[in-house]
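The values are calculated or read from the model by the stated rules, or taken from the named source; none is laboratory data. Please read all numbers here as calculations on a predicted model, not as lab measurements. Methodologically, a virtual Cβ is constructed for each residue, glycine included, from the backbone with ideal geometry; neighbour enumeration extends over all protein chains shown. When the accessible area is computed, the model is the full protein with side chains, heavy atoms only, and any ligands, DNA or RNA have been set aside. Shrake-Rupley method; radii C 1.70, N 1.55, O 1.52, S 1.80 Å.
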Amino acid sequence: MTDIPATHLRLLTTASEDRITLTLASEPVPQPGEGEVLVRMEAAPINPSDLGLLLGPADPATLRREGEATVADIPPQLSRAVGARLGQALPAGNEGAGTVVAAGAGAEALVGRTVAIAGGQMYAQYRVAKARECLPLPEGTPAEAGASSFVNPMTALAMLGTMRREEYEALVHTAAASNLGQMLVKLCAAEGVPLVNIVRSAEQAALLRGIGATHVVNSGDPDFRKQLTAAITETGAFLAFDAIGGGKLANQILQAMEAAAQARSPGFSVYGSTQMKQVYLYGALDTSPTEITRGAGMAWGVGGWLLTPYLQRAGAEEVGRMRTKVAENLTTIFASHYTSRITLAEALEPETVRAYARRATREKYLLLPNG
Ligand SMILES: NC(=O)c1ccc[n+]([C@@H]2O[C@H](COP(=O)([O-])OP(=O)(O)OC[C@H]3O[C@@H](n4cnc5c(N)ncnc54)[C@H](OP(=O)(O)O)[C@@H]3O)[C@@H](O)[C@H]2O)c1
(Lines give C-alpha, C1' and ligand atoms only; values in the text may rest on other atoms or scores of the structure.)
Protein backbone atom coordinates (compact mmCIF):
# COMPACT_ATOMS: atom_id res chain seq x y z
CA MET A 1 0.00 0.00 0.00
CA THR A 2 1.23 3.52 -0.87
CA ASP A 3 2.60 5.61 2.00
CA ILE A 4 0.25 8.46 2.74
CA PRO A 5 2.08 11.76 3.24
CA ALA A 6 1.14 14.23 5.98
CA THR A 7 0.45 17.06 3.53
CA HIS A 8 -0.72 17.38 -0.06
CA LEU A 9 -1.30 20.04 -2.70
CA ARG A 10 -4.68 21.48 -3.60
CA LEU A 11 -5.51 24.02 -6.31
CA LEU A 12 -7.48 27.01 -5.03
CA THR A 13 -9.15 29.90 -6.85
CA THR A 14 -9.87 33.19 -5.11
CA ALA A 15 -11.79 36.16 -6.49
CA SER A 16 -11.47 39.81 -5.59
CA GLU A 17 -13.47 42.48 -7.39
CA ASP A 18 -10.87 42.96 -10.10
CA ARG A 19 -8.98 39.67 -10.33
CA ILE A 20 -8.94 35.90 -9.98
CA THR A 21 -5.95 34.36 -8.22
CA LEU A 22 -4.95 30.71 -8.66
CA THR A 23 -2.69 29.14 -6.03
CA LEU A 24 -1.44 25.76 -4.89
CA ALA A 25 -1.92 25.32 -1.16
CA SER A 26 -0.07 22.75 0.94
CA GLU A 27 -2.60 21.31 3.39
CA PRO A 28 -2.88 18.33 5.76
CA VAL A 29 -4.10 15.19 4.00
CA PRO A 30 -7.71 14.70 5.16
CA GLN A 31 -8.68 11.62 7.19
CA PRO A 32 -11.63 9.43 6.12
CA GLY A 33 -14.41 9.10 8.68
CA GLU A 34 -16.98 6.34 9.04
CA GLY A 35 -18.28 5.23 5.63
CA GLU A 36 -15.65 7.33 3.86
CA VAL A 37 -12.54 6.61 1.83
CA LEU A 38 -9.34 8.52 1.09
CA VAL A 39 -8.66 8.64 -2.66
CA ARG A 40 -5.22 9.35 -4.10
CA MET A 41 -6.30 11.44 -7.10
CA GLU A 42 -4.73 10.28 -10.34
CA ALA A 43 -6.71 11.98 -13.11
CA ALA A 44 -9.24 14.82 -13.32
CA PRO A 45 -10.48 16.52 -16.52
CA ILE A 46 -10.68 20.28 -17.01
CA ASN A 47 -14.22 20.80 -18.31
CA PRO A 48 -15.96 24.04 -19.31
CA SER A 49 -17.92 23.87 -16.02
CA ASP A 50 -14.60 23.79 -14.10
CA LEU A 51 -13.43 26.88 -15.94
CA GLY A 52 -16.51 28.72 -14.71
CA LEU A 53 -15.13 28.35 -11.18
CA LEU A 54 -11.40 28.43 -11.91
CA LEU A 55 -11.35 31.61 -13.97
CA GLY A 56 -14.88 32.97 -13.57
CA PRO A 57 -15.29 36.06 -15.73
CA ALA A 58 -11.52 36.83 -15.77
CA ASP A 59 -9.94 37.59 -19.14
CA PRO A 60 -7.47 34.79 -20.07
CA ALA A 61 -5.46 37.30 -22.15
CA THR A 62 -4.36 38.99 -18.89
CA LEU A 63 -3.06 35.80 -17.20
CA ARG A 64 0.35 36.29 -15.57
CA ARG A 65 2.51 35.05 -12.68
CA GLU A 66 2.74 37.11 -9.52
CA GLY A 67 5.15 35.32 -7.21
CA GLU A 68 3.83 31.80 -6.62
CA ALA A 69 0.33 32.71 -7.80
CA THR A 70 -1.25 33.08 -11.24
CA VAL A 71 -3.62 36.02 -11.67
CA ALA A 72 -6.01 37.28 -14.34
CA ASP A 73 -8.00 40.52 -14.41
CA ILE A 74 -11.79 40.67 -14.28
CA PRO A 75 -13.22 43.32 -16.64
CA PRO A 76 -14.95 45.97 -14.44
CA GLN A 77 -18.37 45.40 -16.06
CA LEU A 78 -18.22 41.70 -15.04
CA SER A 79 -17.09 42.10 -11.42
CA ARG A 80 -20.60 41.56 -10.04
CA ALA A 81 -20.40 37.97 -11.36
CA VAL A 82 -18.01 37.14 -8.48
CA GLY A 83 -20.01 38.92 -5.76
CA ALA A 84 -21.00 35.69 -3.97
CA ARG A 85 -17.46 34.29 -3.80
CA LEU A 86 -15.39 37.36 -2.95
CA GLY A 87 -12.34 36.57 -0.80
CA GLN A 88 -13.05 32.82 -0.52
CA ALA A 89 -10.27 30.41 -1.54
CA LEU A 90 -12.34 27.77 -3.36
CA PRO A 91 -11.13 24.28 -4.29
CA ALA A 92 -11.89 23.30 -7.91
CA GLY A 93 -12.45 20.23 -10.06
CA ASN A 94 -15.85 18.62 -10.50
CA GLU A 95 -14.83 15.02 -11.16
CA GLY A 96 -11.91 12.65 -11.26
CA ALA A 97 -10.62 9.21 -10.45
CA GLY A 98 -7.93 7.62 -8.34
CA THR A 99 -7.04 4.80 -5.98
CA VAL A 100 -8.57 4.27 -2.56
CA VAL A 101 -5.61 4.27 -0.15
CA ALA A 102 -7.39 4.33 3.22
CA ALA A 103 -10.90 3.86 4.55
CA GLY A 104 -12.97 4.62 7.62
CA ALA A 105 -15.14 2.05 9.36
CA GLY A 106 -17.50 0.26 7.00
CA ALA A 107 -15.72 1.31 3.81
CA GLU A 108 -12.70 -1.04 3.97
CA ALA A 109 -13.88 -3.12 0.99
CA LEU A 110 -12.90 -0.31 -1.38
CA VAL A 111 -9.25 -0.11 -0.32
CA GLY A 112 -7.03 -0.72 -3.34
CA ARG A 113 -9.87 -0.17 -5.83
CA THR A 114 -9.74 2.46 -8.57
CA VAL A 115 -12.82 4.64 -8.23
CA ALA A 116 -14.42 7.58 -10.03
CA ILE A 117 -15.83 10.37 -7.89
CA ALA A 118 -17.63 13.68 -8.37
CA GLY A 119 -18.67 16.61 -6.26
CA GLY A 120 -15.86 19.17 -6.38
CA GLN A 121 -12.34 19.56 -4.93
CA MET A 122 -10.77 17.09 -7.37
CA TYR A 123 -7.75 19.21 -8.30
CA ALA A 124 -5.92 17.93 -5.26
CA GLN A 125 -3.55 15.08 -4.52
CA TYR A 126 -5.93 13.48 -2.01
CA ARG A 127 -9.67 13.71 -1.56
CA VAL A 128 -12.03 12.15 0.98
CA ALA A 129 -15.26 10.76 -0.50
CA LYS A 130 -18.27 8.90 0.82
CA ALA A 131 -17.89 5.22 -0.10
CA ARG A 132 -21.47 5.03 -1.40
CA GLU A 133 -20.77 7.88 -3.83
CA CYS A 134 -17.72 6.18 -5.37
CA LEU A 135 -18.07 4.42 -8.71
CA PRO A 136 -15.68 1.45 -8.53
CA LEU A 137 -14.18 1.00 -11.99
CA PRO A 138 -14.12 -2.49 -13.52
CA GLU A 139 -10.93 -4.34 -12.48
CA GLY A 140 -7.96 -3.30 -14.62
CA THR A 141 -9.51 -0.01 -15.76
CA PRO A 142 -6.95 2.79 -15.34
CA ALA A 143 -7.97 5.92 -13.43
CA GLU A 144 -7.61 7.96 -16.61
CA ALA A 145 -10.42 6.00 -18.30
CA GLY A 146 -12.76 6.78 -15.41
CA ALA A 147 -11.78 10.42 -14.83
CA SER A 148 -14.69 11.80 -16.88
CA SER A 149 -17.31 9.27 -15.87
CA PHE A 150 -19.73 11.66 -14.26
CA VAL A 151 -20.28 15.15 -15.72
CA ASN A 152 -20.52 14.49 -19.46
CA PRO A 153 -21.79 10.85 -19.45
CA MET A 154 -24.51 11.56 -16.89
CA THR A 155 -25.48 14.72 -18.79
CA ALA A 156 -25.84 12.79 -22.05
CA LEU A 157 -28.03 10.21 -20.27
CA ALA A 158 -30.03 12.95 -18.52
CA MET A 159 -30.68 14.65 -21.87
CA LEU A 160 -32.30 11.46 -23.11
CA GLY A 161 -34.15 11.16 -19.79
CA THR A 162 -35.48 14.70 -20.20
CA MET A 163 -36.53 13.93 -23.75
CA ARG A 164 -38.54 10.89 -22.62
CA ARG A 165 -40.11 12.63 -19.60
CA GLU A 166 -41.19 15.56 -21.76
CA GLU A 167 -42.44 13.21 -24.49
CA TYR A 168 -40.20 14.27 -27.35
CA GLU A 169 -38.80 11.72 -29.79
CA ALA A 170 -35.61 13.28 -31.09
CA LEU A 171 -33.02 15.90 -30.15
CA VAL A 172 -31.11 18.86 -31.53
CA HIS A 173 -27.67 19.44 -29.97
CA THR A 174 -25.29 22.37 -30.46
CA ALA A 175 -21.49 22.66 -30.16
CA ALA A 176 -22.03 19.03 -31.05
CA ALA A 177 -18.39 18.11 -31.67
CA SER A 178 -17.68 18.66 -27.96
CA ASN A 179 -16.59 15.78 -25.79
CA LEU A 180 -20.18 15.51 -24.56
CA GLY A 181 -21.52 15.83 -28.11
CA GLN A 182 -19.46 12.86 -29.27
CA MET A 183 -20.85 10.77 -26.40
CA LEU A 184 -24.37 11.84 -27.32
CA VAL A 185 -23.87 10.77 -30.95
CA LYS A 186 -22.85 7.27 -29.81
CA LEU A 187 -25.54 7.06 -27.12
CA CYS A 188 -28.35 8.14 -29.45
CA ALA A 189 -27.17 5.66 -32.10
CA ALA A 190 -27.19 2.87 -29.50
CA GLU A 191 -30.68 3.83 -28.29
CA GLY A 192 -32.18 4.56 -31.72
CA VAL A 193 -32.86 8.22 -30.93
CA PRO A 194 -32.63 10.59 -33.94
CA LEU A 195 -30.14 13.40 -33.24
CA VAL A 196 -29.56 16.62 -35.19
CA ASN A 197 -26.00 17.84 -34.54
CA ILE A 198 -25.11 21.51 -35.04
CA VAL A 199 -21.40 22.26 -35.46
CA ARG A 200 -19.49 25.29 -36.70
CA SER A 201 -16.89 23.85 -39.08
CA ALA A 202 -16.52 21.25 -41.81
CA GLU A 203 -13.85 19.47 -39.73
CA GLN A 204 -16.28 19.06 -36.85
CA ALA A 205 -18.95 17.74 -39.24
CA ALA A 206 -16.47 15.16 -40.58
CA LEU A 207 -15.47 14.16 -37.04
CA LEU A 208 -19.09 13.45 -36.09
CA ARG A 209 -19.89 11.62 -39.32
CA GLY A 210 -16.78 9.53 -38.65
CA ILE A 211 -18.31 8.26 -35.40
CA GLY A 212 -21.68 7.51 -36.96
CA ALA A 213 -23.70 10.76 -36.86
CA THR A 214 -26.32 10.88 -39.60
CA HIS A 215 -27.68 14.45 -39.26
CA VAL A 216 -24.94 17.09 -39.02
CA VAL A 217 -25.47 20.72 -39.99
CA ASN A 218 -22.79 23.40 -40.07
CA SER A 219 -23.86 26.82 -38.81
CA GLY A 220 -21.18 28.32 -41.08
CA ASP A 221 -22.86 27.07 -44.28
CA PRO A 222 -24.81 29.70 -46.28
CA ASP A 223 -27.90 27.44 -46.35
CA PHE A 224 -27.64 26.48 -42.66
CA ARG A 225 -31.25 27.37 -41.84
CA LYS A 226 -32.54 25.34 -44.77
CA GLN A 227 -30.43 22.31 -43.79
CA LEU A 228 -31.51 22.61 -40.15
CA THR A 229 -35.19 22.81 -41.07
CA ALA A 230 -34.85 19.76 -43.34
CA ALA A 231 -33.13 17.74 -40.59
CA ILE A 232 -35.77 18.66 -38.00
CA THR A 233 -38.58 17.92 -40.45
CA GLU A 234 -37.11 14.48 -41.07
CA THR A 235 -36.39 13.61 -37.43
CA GLY A 236 -39.14 15.43 -35.51
CA ALA A 237 -36.52 16.91 -33.15
CA PHE A 238 -38.50 19.56 -31.26
CA LEU A 239 -36.29 19.53 -28.16
CA ALA A 240 -32.85 21.16 -28.29
CA PHE A 241 -29.95 21.29 -25.85
CA ASP A 242 -27.86 24.37 -26.60
CA ALA A 243 -24.38 24.58 -25.05
CA ILE A 244 -23.63 27.93 -26.69
CA GLY A 245 -26.35 29.96 -25.01
CA GLY A 246 -25.56 33.42 -26.36
CA GLY A 247 -26.35 35.03 -29.73
CA LYS A 248 -28.91 33.99 -32.35
CA LEU A 249 -28.60 30.21 -32.48
CA ALA A 250 -31.40 29.31 -30.03
CA ASN A 251 -33.72 31.56 -32.01
CA GLN A 252 -32.67 30.00 -35.31
CA ILE A 253 -33.39 26.55 -33.85
CA LEU A 254 -36.88 27.60 -32.70
CA GLN A 255 -37.64 29.07 -36.11
CA ALA A 256 -36.40 25.96 -37.89
CA MET A 257 -38.54 23.83 -35.53
CA GLU A 258 -41.59 25.95 -36.34
CA ALA A 259 -40.98 25.64 -40.10
CA ALA A 260 -40.51 21.89 -39.64
CA ALA A 261 -43.71 21.59 -37.59
CA GLN A 262 -45.66 23.38 -40.31
CA ALA A 263 -44.09 21.19 -43.01
CA ARG A 264 -45.04 18.04 -41.07
CA SER A 265 -48.57 19.22 -40.34
CA PRO A 266 -49.71 21.83 -42.88
CA GLY A 267 -52.60 24.21 -42.11
CA PHE A 268 -52.72 27.90 -41.26
CA SER A 269 -53.15 29.39 -37.78
CA VAL A 270 -52.32 32.94 -36.84
CA TYR A 271 -50.72 31.52 -33.66
CA GLY A 272 -48.40 29.20 -35.55
CA SER A 273 -48.16 25.44 -35.12
CA THR A 274 -49.44 23.67 -32.00
CA GLN A 275 -46.23 21.62 -31.80
CA MET A 276 -44.38 22.51 -28.58
CA LYS A 277 -40.79 23.55 -29.29
CA GLN A 278 -38.28 23.68 -26.42
CA VAL A 279 -34.67 24.86 -26.29
CA TYR A 280 -32.69 24.29 -23.09
CA LEU A 281 -29.61 26.45 -22.65
CA TYR A 282 -27.29 24.12 -20.75
CA GLY A 283 -23.95 25.83 -21.38
CA ALA A 284 -22.54 29.31 -21.80
CA LEU A 285 -19.83 28.92 -24.41
CA ASP A 286 -20.96 32.29 -25.77
CA THR A 287 -21.64 34.67 -22.87
CA SER A 288 -23.35 37.37 -24.98
CA PRO A 289 -27.14 37.90 -24.58
CA THR A 290 -29.51 35.27 -25.98
CA GLU A 291 -31.43 36.92 -28.84
CA ILE A 292 -35.01 35.72 -29.26
CA THR A 293 -37.21 37.39 -31.90
CA ARG A 294 -40.35 35.31 -31.36
CA GLY A 295 -40.79 33.98 -34.90
CA ALA A 296 -41.77 30.49 -33.79
CA GLY A 297 -45.48 30.79 -33.16
CA MET A 298 -46.78 30.62 -29.58
CA ALA A 299 -45.90 27.08 -28.47
CA TRP A 300 -42.27 27.39 -27.48
CA GLY A 301 -40.01 27.66 -24.48
CA VAL A 302 -36.44 28.61 -23.71
CA GLY A 303 -35.02 27.70 -20.32
CA GLY A 304 -31.92 26.80 -18.39
CA TRP A 305 -30.98 23.17 -17.75
CA LEU A 306 -28.51 21.69 -15.30
CA LEU A 307 -27.59 18.10 -14.54
CA THR A 308 -27.80 18.32 -10.73
CA PRO A 309 -31.49 19.23 -10.42
CA TYR A 310 -32.28 16.55 -12.99
CA LEU A 311 -30.54 13.94 -10.83
CA GLN A 312 -32.32 15.17 -7.70
CA ARG A 313 -35.70 14.83 -9.41
CA ALA A 314 -34.83 11.49 -11.00
CA GLY A 315 -34.21 9.82 -7.63
CA ALA A 316 -31.81 7.13 -6.44
CA GLU A 317 -33.11 4.28 -8.59
CA GLU A 318 -32.78 6.06 -11.94
CA VAL A 319 -29.42 7.58 -10.93
CA GLY A 320 -28.22 4.08 -10.00
CA ARG A 321 -29.24 2.77 -13.43
CA MET A 322 -27.47 5.69 -15.11
CA ARG A 323 -24.26 5.06 -13.18
CA THR A 324 -24.32 1.36 -14.06
CA LYS A 325 -24.76 2.23 -17.73
CA VAL A 326 -21.79 4.62 -17.56
CA ALA A 327 -19.59 2.00 -15.88
CA GLU A 328 -20.54 -0.63 -18.48
CA ASN A 329 -19.79 1.67 -21.43
CA LEU A 330 -16.84 3.66 -20.09
CA THR A 331 -14.42 2.75 -22.85
CA THR A 332 -16.96 2.87 -25.69
CA ILE A 333 -19.94 5.27 -25.65
CA PHE A 334 -18.59 7.36 -22.78
CA ALA A 335 -14.89 7.35 -23.64
CA SER A 336 -13.19 10.74 -23.37
CA HIS A 337 -10.11 11.86 -25.30
CA TYR A 338 -7.42 14.13 -23.90
CA THR A 339 -4.80 15.99 -25.86
CA SER A 340 -2.66 17.11 -22.93
CA ARG A 341 -1.84 15.78 -19.50
CA ILE A 342 -0.60 18.28 -16.93
CA THR A 343 0.51 18.36 -13.31
CA LEU A 344 -0.98 20.65 -10.66
CA ALA A 345 2.02 23.00 -11.03
CA GLU A 346 1.58 23.11 -14.82
CA ALA A 347 -2.12 23.87 -14.37
CA LEU A 348 -1.04 27.29 -13.04
CA GLU A 349 1.30 28.23 -15.89
CA PRO A 350 -0.31 31.19 -17.71
CA GLU A 351 0.28 29.73 -21.20
CA THR A 352 -1.24 26.41 -20.14
CA VAL A 353 -4.25 28.07 -18.50
CA ARG A 354 -4.82 30.08 -21.68
CA ALA A 355 -4.69 26.85 -23.71
CA TYR A 356 -7.20 24.88 -21.63
CA ALA A 357 -9.44 27.93 -21.29
CA ARG A 358 -10.02 27.82 -25.07
CA ARG A 359 -12.51 24.94 -24.69
CA ALA A 360 -11.61 23.80 -28.21
CA THR A 361 -12.73 20.62 -29.96
CA ARG A 362 -10.52 17.64 -29.14
CA GLU A 363 -8.31 19.77 -26.87
CA LYS A 364 -9.41 18.58 -23.48
CA TYR A 365 -6.81 18.72 -20.71
CA LEU A 366 -6.39 16.04 -18.07
CA LEU A 367 -4.91 17.00 -14.73
CA LEU A 368 -2.69 14.36 -13.09
CA PRO A 369 -2.59 15.63 -9.48
CA ASN A 370 0.07 13.13 -8.45
CA GLY A 371 2.16 13.60 -11.59
N1 LIG B 1 -25.72 22.11 -17.75
C2 LIG B 1 -25.05 21.03 -17.38
O3 LIG B 1 -25.43 20.35 -16.42
C4 LIG B 1 -23.82 20.62 -18.15
C5 LIG B 1 -23.20 19.40 -17.84
C6 LIG B 1 -22.10 19.02 -18.61
C7 LIG B 1 -21.62 19.83 -19.63
N8 LIG B 1 -22.23 21.04 -19.84
C9 LIG B 1 -21.78 21.92 -20.94
O10 LIG B 1 -21.57 21.11 -22.09
C11 LIG B 1 -20.75 21.80 -22.98
C12 LIG B 1 -19.76 20.84 -23.60
O13 LIG B 1 -18.83 20.38 -22.60
P14 LIG B 1 -17.57 19.51 -23.05
O15 LIG B 1 -16.78 19.17 -21.87
O16 LIG B 1 -18.06 18.41 -23.89
O17 LIG B 1 -16.80 20.59 -23.96
P18 LIG B 1 -15.45 20.49 -24.81
O19 LIG B 1 -15.12 19.07 -25.12
O20 LIG B 1 -14.44 21.34 -24.12
O21 LIG B 1 -15.86 21.15 -26.19
C22 LIG B 1 -16.31 22.45 -26.31
C23 LIG B 1 -16.89 22.60 -27.71
O24 LIG B 1 -17.57 23.83 -27.79
C25 LIG B 1 -17.19 24.49 -28.99
N26 LIG B 1 -17.27 25.92 -28.74
C27 LIG B 1 -16.57 26.64 -27.83
N28 LIG B 1 -16.97 27.92 -27.85
C29 LIG B 1 -17.96 27.99 -28.78
C30 LIG B 1 -18.77 29.05 -29.26
N31 LIG B 1 -18.67 30.30 -28.77
N32 LIG B 1 -19.68 28.78 -30.23
C33 LIG B 1 -19.80 27.53 -30.73
N34 LIG B 1 -19.04 26.47 -30.32
C35 LIG B 1 -18.14 26.71 -29.34
C36 LIG B 1 -15.80 24.01 -29.31
O37 LIG B 1 -15.62 24.10 -30.71
P38 LIG B 1 -14.39 24.91 -31.40
O39 LIG B 1 -13.24 23.93 -31.47
O40 LIG B 1 -14.94 25.30 -32.72
O41 LIG B 1 -14.08 26.09 -30.51
C42 LIG B 1 -15.87 22.55 -28.83
O43 LIG B 1 -16.36 21.70 -29.84
C44 LIG B 1 -20.14 22.96 -22.18
O45 LIG B 1 -20.79 24.14 -22.53
C46 LIG B 1 -20.44 22.57 -20.74
O47 LIG B 1 -20.51 23.71 -19.89
C48 LIG B 1 -23.30 21.44 -19.12
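Given the protein chains as shown and a 1.4 Å probe, how many square angstrom of ARG65 are accessible, to the nearest 10?
For ARG65, solvent-accessible area is about 110 Å².
Ranked from the most accessible area to the least, with a 1.4 Å probe and all protein chains present, what is the order of LYS364, LYS277? Kindly include the intermediate steps, with their values, before the conclusion.
Details: LYS364 30, LYS277 0 Å².
In descending accessible area the options line up as LYS364, LYS277.
In nm, to one decimal, how far is the GLU349 label point from the VAL270 one, both placed 7 Å along Cα→Cβ?
So the two model labels end up 6.6 nm from each other.
Based solely on C-alpha atoms, express the radius of gyration and the Dmax of region 153-193 in angstrom.
In order Rg, Dmax, the Cα atoms of region 153-193 give 9.5, 26 Å.
Would you mind pulling out the separation of the Cα centroids of region 326-371 and region 94-141, in Å?
A separation of 19 Å, based on Cα centres.
Roughly to the nearest percent, how much of the accessible area of the chain is carbon and sulfur, given a 1.4 Å probe? Each step should come with its number before you reach the end.
Numbers: 8640 of 16690 Å².
The value for the chain is 52 percent carbon and sulfur by accessible area.
Under a point spin-label approximation (7 Å from Cα along Cα-to-Cβ), what is the LEU78-HIS337 distance to one decimal in nm?
Roughly 2.9 nm, to one decimal.
For the chain, with a Gaussian network of springs between Cα atoms less than 10 Å apart, report the residue from PRO48, PRO266, PRO91 with the top mean-square fluctuation.
Evaluated over the chain, the most mobile residue of the options is PRO266.
Relative contact order of region 1-146: what whole-number percent is it, with Cα pairs under 8 angstrom and at least 6 residues apart?
33
Could you give log10 I(q)/I(0) at q = 0.07, 0.13 Å⁻¹ for the chain, computed by the Debye formula over C-alpha point scatterers of equal weight, without solvent?
Listed by q, the Debye log ratios stand at -0.34, -1.08.
When all C-alpha to C-alpha distances in region 156-219 are sorted into bins of 5 Å, what percent of pairs does each bin hold, rounded to whole numbers?
4, 20, 34, 23, 13, 5, 1
When ranked by the protection proxy of mean other Cβ atoms within 10 Å per residue, highest first, what sequence do the peptides 253-265, 294-306 form?
Descending mean neighbour count gives 253-265, 294-306.
Take the alpha carbon gyration tensor of region 231-295, find the square roots of its eigenvalues, order them as a ≥ b ≥ c, and report rounded if a/c is under 1.5; if not, report prolate when a/b exceeds b/c, else oblate.
prolate
If you average 1/r over every pair of different alpha-carbon atoms in region 154-309 and take one over that average, what Kirkwood value in Å do you get?
Its Kirkwood hydrodynamic radius stands at 15.4 Å.
Quick one: ranking MET122, MET276 by accessible area, 1.4 Å probe, largest first, what do you get?
Result of the area sort, largest leading: MET276, MET122.
Put +1 on the Cβ of every Lys and Arg and -1 on every Asp and Glu Cβ in the chain; which of ALA213, ALA69, ALA355 then has its Cα farthest towards the positive end of the dipole?
Projecting each Cα onto the dipole axis, the largest value belongs to ALA213.
At 1.4 Å probe size, with every protein chain present, just tell me what the per residue accessible area of the chain comes to in Å².
Dividing the accessible area of the chain by its residue count gives 45 Å².
As a check on your grasp of the helix formula, calculate [θ] at 222 nm for the chain: sum -39500 (n - 2.57) over DSSP H runs of n ≥ 4, divide by the residue count, round to the nearest 500.
Numbers: 9 runs with 105 residues, N = 371.
Calculated mean residue ellipticity at 222 nm is -8500 deg cm²/dmol.
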